[in-house]
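Chemist: Supplied in structure tokens, the structure appears directly below.
The values are calculated or read from the model by the stated rules, or taken from the named source; none is laboratory data. In this text, all values refer to a predicted model and were calculated from it rather than measured experimentally. Heads up, the Cβs are rebuilt from the backbone with ideal geometry, glycines too, and the neighbour counts pull from every protein chain shown. Just the protein is used for accessible areas: all its heavy atoms, side chains included, with ligands, DNA and RNA removed. Shrake-Rupley method; radii C 1.70, N 1.55, O 1.52, S 1.80 Å.
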Amino acid sequence: MKKYYVIALVAIVAILVLLIGNIKGKYDGYVQEVSKQIDKSLDIAMEEEMGIRQKSIRLNDLEGPIFGIRLHLTTQDVVDSIMNLPQVKDGTYRVDIVDGRKERAEGIPELEITRMHNQDRYIKHQIYIDLPVLDSIFCYWLKADIPHLFTLLDHDTIQIKSYGDVGIKKGNYTKLKRVGLHEKQTLKVQASIPVEDFVRAEVIPLLLSFLLMLLALACVLIQLTVIRRKELELKQREMATGGIIHDLRGPVTTAISIVESLQEGQTDEGMKAIESRNEVMLRHVLHEIETLGDTIREERMQTTIHRKPTDLVALAETVRREVDVVFQSKHHTIIIDNQLPQDKKLMLDADKVERILRNLVENAVKYADAGVEVRVRLAWQNNMPVVSVQDNGWGIAPQHLKKIFKQYYRIEQPSGRHRNGHGMGLTNVQHLVKAHGGKIWVQSHPGKGSTFSFTLA
Ligand code: ADP
């Protein structure tokens, strides 16, 4: 499997895991929020139901008049209430004393303890919570349609009665509420918090965004596949072009040899000149073929340098002669300025250096008006040859200087200055110079001319 498919798959799984984690977190938060709402409605409902019961069945009627309820929450309360006990006359009044210290320690509020005590008193007379009343108050405060079931239990096991949606089996909310203080009863509340609202509000938008993300990813993958296919096609085309270039090189080289041998046997000076021009033109074609071949190879292969003793001056002279022929219709002057130490033996790849020179000298004549003067300076600096090709042509604007070595980069010339080309020459020149262990640089002033210099290690 291709690397980017694996990356895409990992990305999808990661997004999915994140999404599920996100939904789970949001769902827990939603359940918690609704549970709090149920708790609150339940507290209010229990209190109000108790109030209704107190109005209809008065405890005093059942138990006789009561002097008051003393709630003991701390030990000091116990002492205080005993000290302040009112004078009870003839047993007419009762004082109800409630020990709520344990419940207080459990964090149950005072009001709740009093209510639980009152529940105790009702439980004693078997007047239990009125579940339908409790339910209607609960529904009123809840303000949401949540299926629920109330079950009143003796302690927390024996069912006394129940009311609500008996169908609830596995609700996601269960609460056990203690009813009495001493006469222990438990109210079990079960509810099934519906997930539809949550799905509508949270899951659908999240899923939609996930689908959008998948769509974007699919688009990227399709693009990648297209690019990959194009890359393969390009590779095949490059290989085919490489083959054609290789096939072309053979016949052109043979033609050059034939023209060379024809020249040797030629006595007619006029014919000799024609054949010499033909040879130069053929060499120019070969040079173009080599440049094309280098462009294709460049990124894939290292150019190998075959060094042999080379006469750099003779090489420059050959290039001058050839460029003179190619640009015979344009008036120009090429001067070879040899500053090399005499008898300096240079170990160079003559073919490649010739191609470098030819490219630079051709450009110097090409990107200039008629009458251009090109100076090829051959010097010896820092123990290595330095070659510069200087012209007084159009020059290059500073913003193009760094880019001209990039493949296929050409400077748009004003009308009347259009020259044929493909933007491959300088890229190859730079590549060949580097392969020789040298470096290349350019200085130029628009309207004044350019100087391309390079070293050869
Ligand atoms: P090509 O000549 O095929 O366009 P090159 O890579 O040789 O490709 O050159 C790139 C660009 O650099 C050219 O289009 C030209 O505008 C500019 N250039 C190169 N040499 C010179 C020069 N001596 N003077 C002015 N411009 C030049």
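Chemist: Give me a count of the residues in segment 201-231 that are out of contact with any helix residue (DSSP H, G or I) (no Cβ under 8 Å at 6 or more places or on another chain) and modelled with pLDDT of 85 or more.
Modeler: Residues that pass the stated criteria total 16.
Chemist: Pick out, from segment 1-114, the helices (runs of 4 or more DSSP H) lying fully within it that include 3 or more residues that are at pLDDT 90 or above and surrounded by 12 or more Cβ atoms within 10 Å (Cβ to Cβ). Lay out the reasoning, then the answer.
Modeler: Values: elements: 3-56, 59-63, 75-83, 101-105.
Output list reads 3-56.
Chemist: With respect to residue 308, is the statement that it is open to solvent by less than 80 Å² (accessible area, probe 1.4 Å) and within 57 Å of the chain's Cα centre (by Cα) true?
Modeler: Numbers: open to solvent by less than 80 Å² (accessible area, probe 1.4 Å): no; within 57 Å of the chain's Cα centre (by Cα): yes.
Criteria not met by residue 308.
Chemist: Shifting gears a bit: Sort out which residues of segment 127-151 are open to solvent by 20 Å² or more (accessible area, probe 1.4 Å) and assigned to a loop (DSSP other than H, G, I, E, B), and write them in order of number.
Modeler: Answer for segment 127-151, where residues must be open to solvent by 20 Å² or more (accessible area, probe 1.4 Å) and assigned to a loop (DSSP other than H, G, I, E, B): 127, 128, 130, 143, 144, 145, 147.
Chemist: Taking segment 113-133 on its own, how many of its residues are without any contact (Cβ under 8 Å) to a residue 60 or more places away in the chain and more than 17 Å from residue 188 (Cα to Cα)? Spell out the reasoning first.
Modeler: First, the residues of segment 113-133 that are without any contact (Cβ under 8 Å) to a residue 60 or more places away in the chain: 114, 124, 126, 128, 131-132.
From the residues that got through so far, the ones that are more than 17 Å from residue 188 (Cα to Cα) too are 114, 124, 126.
Total satisfying the criteria: 3.
Chemist: Still on this structure: Count, please, the residues in segment 345-360 that happen to be touching a strand residue (DSSP E or B) at 6+ places or on another chain (Cβ under 8 Å) and either open to solvent by 50 Å² or more (accessible area, probe 1.4 Å) or away from the ligand (no atom under 16 Å from the Cβ) (or both). Even if it seems obvious, please write down each step before you answer.
Modeler: Within segment 345-360, the first condition is being touching a strand residue (DSSP E or B) at 6+ places or on another chain (Cβ under 8 Å), and the residues that meet it are 345-350, 353, 356-357, 360.
In the following step, the residues that additionally are either open to solvent by 50 Å² or more (accessible area, probe 1.4 Å) or away from the ligand (no atom under 16 Å from the Cβ) (or both) were identified as 345-350, 353.
Residues in segment 345-360 being touching a strand residue (DSSP E or B) at 6+ places or on another chain (Cβ under 8 Å) and either open to solvent by 50 Å² or more (accessible area, probe 1.4 Å) or away from the ligand (no atom under 16 Å from the Cβ) (or both): 7 in total.
Chemist: Could you tell me which of the residues 177, 143 is closer than 24 Å to residue 32 by Cβ and in contact with a Leu (Cβ under 9 Å, 6 or more places away or on another chain)? Reasoning before the result, please.
Modeler: Numbers: 143 fails: in contact with a Leu (Cβ under 9 Å, 6 or more places away or on another chain).
That would be 177, the only listed residue that is closer than 24 Å to residue 32 by Cβ and in contact with a Leu (Cβ under 9 Å, 6 or more places away or on another chain).
Chemist: Taking into account only those residues within segment 168-188 that are among the aliphatic types (A, V, I, L, M) and touching a strand residue (DSSP E or B) at 6+ places or on another chain (Cβ under 6 Å), which is modelled with the lowest pLDDT?
Modeler: Looking only at segment 168-188, we keep the residues that are among the aliphatic types (A, V, I, L, M), and these are 168, 176, 179, 181, 187.
Of the ones still in play, those that are also touching a strand residue (DSSP E or B) at 6+ places or on another chain (Cβ under 6 Å) are 168, 176, 179, 187.
Numbers: 168: 81, 176: 91, 179: 90, 187: 94.
In this case the residue turns out to be 168.
Chemist: Shifting gears a bit: Report, by residue number, each residue of segment 415-457 that is open to solvent by less than 30 Å² (accessible area, probe 1.4 Å), more than 8 Å from the ligand (Cβ to nearest atom) and of a type in the set (Gly, Ala, Ser).
Modeler: Across segment 415-457, the qualifying residues are 438, 453.
Chemist: Counting only residues that are more than 36 Å from the chain's Cα centre (by Cα) and near the ligand (Cβ under 9 Å from one of its atoms), which one in segment 391-414 is surrounded by the fewest Cβ atoms within 10 Å (Cβ to Cβ)?
Modeler: 412
Chemist: OK, next. Pick from 221, 234: which is open to solvent by 60 Å² or more (accessible area, probe 1.4 Å) and either part of a helix (DSSP H, G or I) or aromatic (Phe, Trp, Tyr) (or both)?
Modeler: Numbers: 221 fails: open to solvent by 60 Å² or more (accessible area, probe 1.4 Å).
Criteria check complete, one pass: 234.
Chemist: Right, next: Select from segment 361-389 the residues that are under 30 Å from residue 348 (Cα atoms) and surrounded by fewer than 20 Cβ atoms within 10 Å (Cβ to Cβ) and list them in ascending order.
Modeler: If the condition is that a residue be under 30 Å from residue 348 (Cα atoms) and surrounded by fewer than 20 Cβ atoms within 10 Å (Cβ to Cβ), then 373, 375, 377, 379, 380, 381, 382, 383, 384, 386, 388 are the ones that fit.
Chemist: Give 328, 342 a once-over and let me know the one that is open to solvent by 60 Å² or more (accessible area, probe 1.4 Å), over 30 Å from residue 370 (Cβ atoms), polar (S, T, N, Q) and not in a helix (DSSP H, G or I).
Modeler: Numbers: 328 fails: over 30 Å from residue 370 (Cβ atoms).
Exactly one residue qualifies, and that residue is 342.
Chemist: Here is a follow-up. Residue check, residue 136 against (1) under 22 Å from residue 40 (Cα atoms); (2) touching a residue at least 12 places away in the same chain (Cβ under 8 Å), all met but one. Which one?
Modeler: (2)
Chemist: A further question on this structure: Which pairs turn up if I take residues in segment 429-456 that are among the charged types (D, E, K, R) and look for partners that are within 15 Å of the ligand (Cβ to nearest atom) and outside any strand (DSSP E or B) with beta carbon separation below 7 Å, at least 6 apart in sequence or on another chain?
Modeler: Filtered contacts from segment 429-456: 439/433; 448/392; 448/395.
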